[in-house]
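I have placed the structure first, in the form of structure tokens, so that the comments after it can refer back to it.
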Amino acid sequence: MSPWHVVSSVVAVLGGGVVVVIALGCVWPVDRPYRPAAPRRVNAQCPLRPVEWPKAWTCDLPSPPLTLADAHRAMQLHREHNCARKRAAFATLVAAGHATPDSARRGRWWEVPL
């Protein structure tokens, strides 16, 4: 078999496949709207919650008081350094009872102004 016969056979098979796909696409029923199987339920106990993005990307003191969720997020974002926002977040968590200061540390670094 010559190379020309091989190439023409491959082109014919691929062309036939394209024709079949186009024909199926033309006759496929499309009048049914897409409906998901079941609505997603949000479980309050699930640890995989949507990410809450911070409202400020700065280390300055927050102008409004931080909420508990904002304080938790600020502590996560600023864990590598000691800044005013981290101190305000830690003070918020201590006041709410969500964090306990380490008694072995000297001073109260979360209350010291910069």
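The values are calculated or read from the model by the stated rules, or taken from the named source; none is laboratory data. What you see is a predicted model, and the numbers here were worked out from it, not measured in a lab. Using ideal geometry, Cβ is built from the backbone for each residue, glycine included, and neighbour counts are taken over all protein chains shown.
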Say whether the condition of being of a type in the set (Ser, Thr, Tyr) and at pLDDT 75 or above is met by at least one residue in region 66-85. yes
How do the pairs read when you match residues in region 1-25 that are surrounded by 10 or more Cβ atoms within 10 Å (Cβ to Cβ) with residues anywhere that are among the small types (Gly, Ala, Ser), using Cβ under 7 Å and keeping only pairs 6 or more apart or on different chains? none
